[in-house]
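Contents: one structure, followed by commentary.
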Amino acid sequence: MKRKEKQDFDPKGFLDKADKGRTLKEHQKDEPVFVQGEPADAIFYIQKGKIKLTVVSHQGKEAVVAILSAGDFFGEGCLAGQSLRMATAATMSECSIMRLEKAAVLRLLQAQPTFSELFLHHLLSRNIRIEEDLVDQLFNSSEKRLARVLLLLANFGKESKPEPVIPKISQETLAEIVGTTRSRVSFFMNRFRKLGFIQYDGKNAAGLEVHSSLLNVILHD
(Lines give C-alpha, C1' and ligand atoms only; values in the text may rest on other atoms or scores of the structure.)
Protein backbone atom coordinates (compact mmCIF):
# COMPACT_ATOMS: atom_id res chain seq x y z
CA MET A 1 0.00 0.00 0.00
CA LYS A 2 2.77 2.44 0.91
CA ARG A 3 4.54 1.67 -2.38
CA LYS A 4 1.34 2.38 -4.33
CA GLU A 5 0.83 5.69 -2.49
CA LYS A 6 4.33 6.76 -3.49
CA GLN A 7 3.67 5.85 -7.09
CA ASP A 8 0.36 7.73 -7.12
CA PHE A 9 1.78 10.89 -5.54
CA ASP A 10 1.29 13.91 -7.82
CA PRO A 11 3.85 16.63 -6.99
CA LYS A 12 2.16 19.23 -9.21
CA GLY A 13 -1.20 18.59 -7.55
CA PHE A 14 0.48 18.73 -4.15
CA LEU A 15 1.94 22.16 -4.95
CA ASP A 16 -1.41 23.46 -6.19
CA LYS A 17 -3.30 23.04 -2.91
CA ALA A 18 -2.73 24.43 0.58
CA ASP A 19 -2.74 21.91 3.42
CA LYS A 20 -0.73 20.97 6.49
CA GLY A 21 2.76 22.43 6.20
CA ARG A 22 1.97 24.56 3.14
CA THR A 23 0.18 27.87 2.77
CA LEU A 24 -0.97 29.60 -0.41
CA LYS A 25 -0.88 33.40 -0.50
CA GLU A 26 -1.80 35.97 -3.14
CA HIS A 27 0.72 38.80 -3.49
CA GLN A 28 0.39 42.18 -5.14
CA LYS A 29 3.05 43.67 -7.39
CA ASP A 30 6.17 45.03 -5.63
CA GLU A 31 5.41 43.15 -2.42
CA PRO A 32 8.23 41.45 -0.46
CA VAL A 33 7.92 37.71 0.15
CA PHE A 34 10.90 37.70 2.50
CA VAL A 35 13.72 40.13 3.27
CA GLN A 36 17.47 39.65 3.43
CA GLY A 37 18.51 38.85 7.02
CA GLU A 38 15.18 37.34 8.10
CA PRO A 39 15.07 33.81 9.56
CA ALA A 40 15.02 31.13 6.84
CA ASP A 41 12.47 28.51 7.84
CA ALA A 42 10.56 27.71 4.63
CA ILE A 43 10.86 27.41 0.88
CA PHE A 44 8.47 28.87 -1.69
CA TYR A 45 6.94 27.72 -4.96
CA ILE A 46 5.60 30.13 -7.59
CA GLN A 47 2.23 29.09 -8.96
CA LYS A 48 1.69 32.32 -10.91
CA GLY A 49 3.66 35.50 -11.59
CA LYS A 50 7.29 36.57 -11.44
CA ILE A 51 9.58 37.48 -8.56
CA LYS A 52 13.08 38.93 -8.34
CA LEU A 53 15.83 38.12 -5.88
CA THR A 54 18.04 41.04 -4.83
CA VAL A 55 21.07 41.29 -2.57
CA VAL A 56 22.29 44.39 -0.75
CA SER A 57 25.98 44.66 0.15
CA HIS A 58 27.35 46.08 3.41
CA GLN A 59 28.03 49.30 1.46
CA GLY A 60 24.33 49.52 0.53
CA LYS A 61 24.73 48.57 -3.14
CA GLU A 62 21.82 46.49 -4.48
CA ALA A 63 22.01 43.89 -7.24
CA VAL A 64 19.35 41.73 -8.88
CA VAL A 65 20.65 38.15 -8.83
CA ALA A 66 17.70 36.24 -10.30
CA ILE A 67 14.32 36.57 -11.96
CA LEU A 68 11.99 33.61 -11.33
CA SER A 69 8.60 32.65 -12.73
CA ALA A 70 5.81 30.09 -12.43
CA GLY A 71 7.11 26.60 -11.66
CA ASP A 72 10.22 27.82 -9.82
CA PHE A 73 11.16 27.26 -6.18
CA PHE A 74 13.07 29.83 -4.15
CA GLY A 75 14.37 30.17 -0.60
CA GLU A 76 15.69 26.60 -0.69
CA GLY A 77 18.92 27.58 1.06
CA CYS A 78 17.26 26.81 4.40
CA LEU A 79 17.31 23.10 3.48
CA ALA A 80 21.13 23.22 3.45
CA GLY A 81 21.45 24.86 6.87
CA GLN A 82 21.04 28.52 5.89
CA SER A 83 19.59 30.14 8.99
CA LEU A 84 19.08 33.66 7.56
CA ARG A 85 17.89 34.84 4.16
CA MET A 86 20.81 35.81 1.95
CA ALA A 87 18.60 37.79 -0.44
CA THR A 88 15.29 39.64 -0.63
CA ALA A 89 12.48 38.14 -2.71
CA ALA A 90 9.91 40.60 -4.08
CA THR A 91 7.10 40.26 -6.61
CA MET A 92 7.34 41.83 -10.05
CA SER A 93 3.66 41.18 -10.81
CA GLU A 94 0.61 39.77 -9.06
CA CYS A 95 1.67 36.36 -7.77
CA SER A 96 0.28 33.18 -6.25
CA ILE A 97 2.99 31.70 -4.04
CA MET A 98 2.97 28.53 -1.97
CA ARG A 99 4.94 28.56 1.29
CA LEU A 100 6.26 25.15 2.35
CA GLU A 101 7.62 24.68 5.86
CA LYS A 102 11.18 23.41 5.99
CA ALA A 103 10.38 20.35 8.10
CA ALA A 104 7.53 19.33 5.81
CA VAL A 105 9.74 19.61 2.71
CA LEU A 106 12.52 17.52 4.29
CA ARG A 107 10.01 14.77 5.12
CA LEU A 108 8.58 14.93 1.62
CA LEU A 109 12.00 14.65 -0.03
CA GLN A 110 12.62 11.44 1.91
CA ALA A 111 9.15 9.93 1.45
CA GLN A 112 8.24 10.84 -2.14
CA PRO A 113 10.71 10.07 -4.97
CA THR A 114 8.58 11.90 -7.54
CA PHE A 115 8.78 15.12 -5.52
CA SER A 116 12.52 14.59 -5.04
CA GLU A 117 12.92 14.26 -8.83
CA LEU A 118 10.96 17.48 -9.41
CA PHE A 119 13.02 19.37 -6.84
CA LEU A 120 16.32 17.97 -8.16
CA HIS A 121 15.34 19.07 -11.67
CA HIS A 122 14.74 22.56 -10.30
CA LEU A 123 18.13 22.65 -8.57
CA LEU A 124 19.99 21.42 -11.66
CA SER A 125 18.15 23.89 -13.90
CA ARG A 126 18.99 26.72 -11.49
CA ASN A 127 22.64 25.67 -11.45
CA ILE A 128 22.76 25.65 -15.26
CA ARG A 129 21.13 29.09 -15.31
CA ILE A 130 23.73 30.46 -12.88
CA GLU A 131 26.54 29.11 -15.07
CA GLU A 132 24.95 30.64 -18.16
CA ASP A 133 24.55 33.98 -16.34
CA LEU A 134 28.24 33.92 -15.38
CA VAL A 135 29.36 33.17 -18.94
CA ASP A 136 27.00 35.86 -20.22
CA GLN A 137 28.41 38.42 -17.79
CA LEU A 138 32.03 37.56 -18.58
CA PHE A 139 31.96 37.27 -22.35
CA ASN A 140 28.92 38.96 -23.86
CA SER A 141 28.27 42.63 -24.55
CA SER A 142 25.68 44.53 -22.53
CA GLU A 143 23.43 44.55 -25.62
CA LYS A 144 23.43 40.74 -25.80
CA ARG A 145 22.95 40.46 -22.04
CA LEU A 146 19.90 42.73 -22.23
CA ALA A 147 18.44 40.71 -25.11
CA ARG A 148 18.93 37.48 -23.13
CA VAL A 149 17.27 38.94 -20.02
CA LEU A 150 14.23 40.05 -22.04
CA LEU A 151 13.91 36.62 -23.67
CA LEU A 152 14.18 34.89 -20.29
CA LEU A 153 11.53 37.18 -18.82
CA ALA A 154 9.25 36.17 -21.67
CA ASN A 155 10.01 32.47 -20.98
CA PHE A 156 11.66 31.83 -24.36
CA GLY A 157 13.82 28.73 -24.02
CA LYS A 158 11.88 27.37 -21.03
CA GLU A 159 9.68 24.28 -20.97
CA SER A 160 6.59 26.39 -20.33
CA LYS A 161 4.88 28.33 -23.11
CA PRO A 162 6.45 31.72 -23.92
CA GLU A 163 4.70 34.81 -22.54
CA PRO A 164 5.57 37.49 -25.12
CA VAL A 165 4.01 40.31 -23.05
CA ILE A 166 5.96 40.60 -19.81
CA PRO A 167 5.05 42.57 -16.65
CA LYS A 168 6.04 46.21 -16.33
CA ILE A 169 9.74 46.45 -15.45
CA SER A 170 11.76 49.64 -15.11
CA GLN A 171 14.90 50.33 -17.09
CA GLU A 172 16.70 50.80 -13.77
CA THR A 173 15.87 47.20 -12.82
CA LEU A 174 16.96 45.95 -16.24
CA ALA A 175 20.24 47.86 -15.82
CA GLU A 176 20.81 46.17 -12.43
CA ILE A 177 20.22 42.72 -13.92
CA VAL A 178 22.37 43.33 -16.99
CA GLY A 179 25.15 45.11 -15.11
CA THR A 180 25.17 48.36 -17.07
CA THR A 181 23.74 51.88 -16.88
CA ARG A 182 20.13 52.92 -17.40
CA SER A 183 21.19 55.12 -20.32
CA ARG A 184 22.73 52.13 -22.10
CA VAL A 185 19.58 50.09 -21.50
CA SER A 186 17.50 52.95 -22.93
CA PHE A 187 19.74 53.11 -26.00
CA PHE A 188 19.47 49.36 -26.68
CA MET A 189 15.73 49.25 -25.96
CA ASN A 190 15.15 51.98 -28.54
CA ARG A 191 17.30 50.08 -31.02
CA PHE A 192 15.40 46.82 -30.39
CA ARG A 193 12.11 48.65 -30.88
CA LYS A 194 13.20 50.25 -34.16
CA LEU A 195 14.28 46.84 -35.45
CA GLY A 196 10.91 45.35 -34.51
CA PHE A 197 12.32 42.97 -31.89
CA ILE A 198 10.19 44.45 -29.08
CA GLN A 199 7.23 46.78 -28.59
CA TYR A 200 6.67 49.00 -25.59
CA ASP A 201 5.06 52.32 -24.78
CA GLY A 202 7.70 54.27 -22.91
CA LYS A 203 10.75 54.32 -20.69
CA ASN A 204 9.15 52.10 -18.01
CA ALA A 205 8.44 49.37 -20.57
CA ALA A 206 4.81 48.97 -19.52
CA GLY A 207 3.28 46.06 -21.38
CA LEU A 208 6.59 45.16 -22.98
CA GLU A 209 6.10 42.71 -25.86
CA VAL A 210 9.10 40.55 -26.75
CA HIS A 211 9.33 38.90 -30.18
CA SER A 212 11.29 35.72 -30.88
CA SER A 213 13.25 37.71 -33.50
CA LEU A 214 15.20 39.22 -30.58
CA LEU A 215 17.18 35.97 -30.66
CA ASN A 216 19.01 37.47 -33.65
CA VAL A 217 20.87 39.80 -31.27
CA ILE A 218 22.22 36.85 -29.28
CA LEU A 219 23.06 34.69 -32.30
CA HIS A 220 24.75 37.50 -34.24
CA ASP A 221 28.52 37.78 -33.70
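The values are calculated or read from the model by the stated rules, or taken from the named source; none is laboratory data. These numbers come from a predicted model, not from an experiment. Please note: Cβ atoms are built from the backbone with ideal geometry, for glycine as well, and neighbour counts cover all protein chains shown.
See the values below:
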quantity: Some residue of segment 130-143 being in a strand (DSSP E or B) and either over 14 Å from the mean Cα position of the chain (by Cα) or in the same structural domain as Gln28 (by TED's automatic domain parsing) (or both); calculated: no
quantity: Failed item, numbered, when Ser96 is tested on (1) surrounded by 18 or more Cβ atoms within 10 Å (Cβ to Cβ); (2) assigned to a strand (DSSP E or B); calculated: (1)
quantity: Test result for Ile177, crowded, with 19+ Cβ neighbours inside 10 Å, outside any strand (DSSP E or B) and of a type outside the set (S, T, N, Q); calculated: yes
quantity: Subset of segment 113-163 (residues that are in contact (Cβ under 8 Å) with a residue 24 or more places away in the chain, in contact with a helix residue (DSSP H, G or I) (Cβ under 6 Å, 6 or more places away or on another chain) and farther than 19 Å from Leu215 by Cα); calculated: Thr114, Phe115, Leu118
quantity: Lone qualifier among Ala63, Ala87 - being more than 18 Å from Lys29 (Cβ to Cβ), assigned by TED's automatic domain parsing to the domain that holds Leu24, crowded, with 20+ Cβ neighbours inside 10 Å and among the hydrophobic types (A, V, I, L, M, F, W, C); calculated: Ala87
quantity: Residue count for segment 36-60, restricted to those that are buried (at least 18 other Cβ atoms within 10 Å of the Cβ), among the small types (Gly, Ala, Ser) and over 21 Å from Leu174 (Cα atoms); calculated: 2
quantity: Residue satisfying all of: in segment 90-149; under 17 Å from Ala70 (Cα atoms) and of a type in the set (D, E, K, R); modelled with the highest pLDDT among these; calculated: Arg99
quantity: Selection status of Phe156, assigned to a helix (DSSP H, G or I), buried (at least 16 other Cβ atoms within 10 Å of the Cβ) and aromatic (Phe, Trp, Tyr); calculated: no
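Every residue, every condition in (1) out of contact with any helix residue (DSSP H, G or I) (no Cβ under 7 Å at 6 or more places or on another chain); (2) of a type in the set (Asp, Glu), yes or no:
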| site | (1), (2) |
| --- | --- |
| Lys61 | yes, no |
| Leu68 | yes, no |
| Thr91 | yes, no |
| Glu94 | yes, yes |
| Lys102 | no, no |
